[in-house]
Protein chains: 2
Amino acid sequence: MSIEIKMSLNDGLYLREPQDSKLGRNIIQSSILLIDEFGFESFTFKKLADRINSTEASIYRYFENKHLLLLFLVNWYWEWVHYLIHFNTMNVEDPRKKLKIIIHSFVSASKDNPSVDYVNESKLHNIVISEGGKAYHTKDVDDENSKGFFLSYKNLATTVSIVISEINSDFKYPFALATNLFEMSNNHIYFAKHLPKLTDISVKENDVNEVENMLNYFTDKLLAD
Amino acid sequence: MSIEIKMSLNDGLYLREPQDSKLGRNIIQSSILLIDEFGFESFTFKKLADRINSTEASIYRYFENKHLLLLFLVNWYWEWVHYLIHFNTMNVEDPRKKLKIIIHSFVSASKDNPSVDYVNESKLHNIVISEGGKAYHTKDVDDENSKGFFLSYKNLATTVSIVISEINSDFKYPFALATNLFEMSNNHIYFAKHLPKLTDISVKENDVNEVENMLNYFTDKLLAD
DNA sequence: TGAAAATGATAGTAAAGCTATCTTAAAAAA
DNA sequence: TTTTTTAAGATAGCTTTACTATCATTTTCA
């Protein structure tokens, strides 16, 4: 009997709350594995249905389409990172220390694992790295944004931007730096693995230490008085 | 009779060189318009064929599939930016000045327009901003990378990284900074337009001045001794 | 235990993503 | 100029994806 952690995500993301049923959790669990393994483009509800011995129709009762499922997963991830950051920075006063902890939290989010049993956080992190941008690079962004589908990311960015402003209240780009830290982290982990000529760092056996150092170096320089 | 500029791109990107024929140039021209207008996901060869009064079969003679067409367009764009940078930094000695010119070149690439008649550079820039990441976020990256499909981007990054190293030879992340400038530029123009809460800058009527200022501010801070 | 809700089974449709073949038109070689 | 090669158009067809609809069967829980 394990503790059930339930993320509260925008309910426009799904038709039926997947975290509340066996089938729903199966969908989450196996979609993560399938997308990680085959990529988002060749991922289909048919393949997912076959994998979990269910049917396309049943999956469509939970998610309108695979894009919204991806959005759900990505939001889940951002909420989870936000939770990690909150947890790890509790009782830390110094904003510089806080930011270091924040960076560590999301760079190696998948290691520190406060684990929800049906979510493989490490593979979900890979999905965010490889496919995450597709969640908001759509013709429907504006519409989806108006429905609040990106609130989790915005809230996370806001949390980080506040810490950045605490460090240096004159810094003009706290939000841009916050989002850039996330995007840069994902990008360079991806580059290190697939397009190493586009970066200076390397990631061996999922050791993301160099990425963390780079992000710390960047923030230190940028936020110095 | 206009001068025909032809980009030399990796010939694995296409089946038949589209820059050499009327139909090929039509494909390039109209695919840019269609992808810009409807987004990459709902863009199809069928729709493109209808638009240019040709057939799906004919388009397939030029490009294996729409993903490779996108890759072609994105490569064309990077080559074009590279060309612009080269042109604009000729005879400029001071690397700091050079980098400023480089930043200006790609941020407002679409304005300075050395125009190839069948390419709407401004819309192509929009495509790179909105859909560019999809060019390398695929399950086939490694394979495509081994075929040299990302060389244009790598060469561009290298050019910029060299200037960065000229400014500050101790800087440890010249490639990462170079790519980050591009990615950040695209990201924040996109954010400003669609997810303004994720950035601090705004882009009114395609005036990307604030983006340029931000990138200059970042590089100045990062490359200071 | 009985009604309501969730899931499964099955079928079907439109569009996307291709491939094949044949014919006609245009360009290049002879 | 005539022949021959090459490119493009027309048409057809096939598989997969992305969905919707309907009905039967479980499961849940009041």
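The values are calculated or read from the model by the stated rules, or taken from the named source; none is laboratory data. These figures come from a predicted structure and were not determined experimentally. Neighbour counts are summed over all protein chains in view; Cβ atoms, including those assigned to glycine, are modelled from backbone coordinates with ideal geometry. Protein only, heavy atoms only, side chains kept; ligands, DNA and RNA dropped before computing areas. Shrake-Rupley method; radii C 1.70, N 1.55, O 1.52, S 1.80 Å.
Take chain B and mark each of the GluC sites (Glu not before Pro) that is in a DSSP loop with at most 15 other Cβ atoms within 10 Å; the longest unmarked stretch, sites excluded, is B:94-204. In chain B, one over the average inverse separation of all distinct C-alpha pairs is 18.4 Å, which is the Kirkwood hydrodynamic radius.
Just so you know, the Cα atoms of the protein assembly as shown work out to an Rg and Dmax of 22.2, 78 Å. Peptide A:174-184 shows a mean partner chain C-beta count of 6 within 10 Å per residue C-beta.
Computing the accessible area with a 1.4 Å probe over protein heavy atoms, can you report the carbon and sulfur percentage for the protein assembly as shown? Carbon-and-sulfur percentage of accessible area, whole number: 49. Solvent-accessible surface of the range A:73-223, averaged per residue with a 1.4 angstrom probe and all protein chains in place: 38 square angstrom. Using a cut-off of 19 Å between Cα atoms, the listed pairs A:Lys134/A:Lys204; B:Lys66/B:Lys139; A:Lys98/A:Lys221 include A:Lys134/A:Lys204 as exceeding that distance. Stokes-Einstein diffusion for the range B:1-109 at 20 °C, viscosity 1.002 mPa s, with a Kirkwood radius from C-alpha pairs, works out to 139 µm²/s. Chains A and B together bury some 4300 Å² of accessible area, summed over both sides, with a 1.4 Å probe.
Estimated from helical segments only, the mean residue ellipticity of chain B at 222 nm is -19500 deg cm²/dmol, where each DSSP H run of four or more residues counts as -39500 (n - 2.57). Cross-link partners for A:Lys111 among the aspartates and glutamates, with Cα-Cα distance under 13 Å and sequence neighbours closer than 8 places in the same chain left out: A:Glu121, A:Glu205, A:Asp207.
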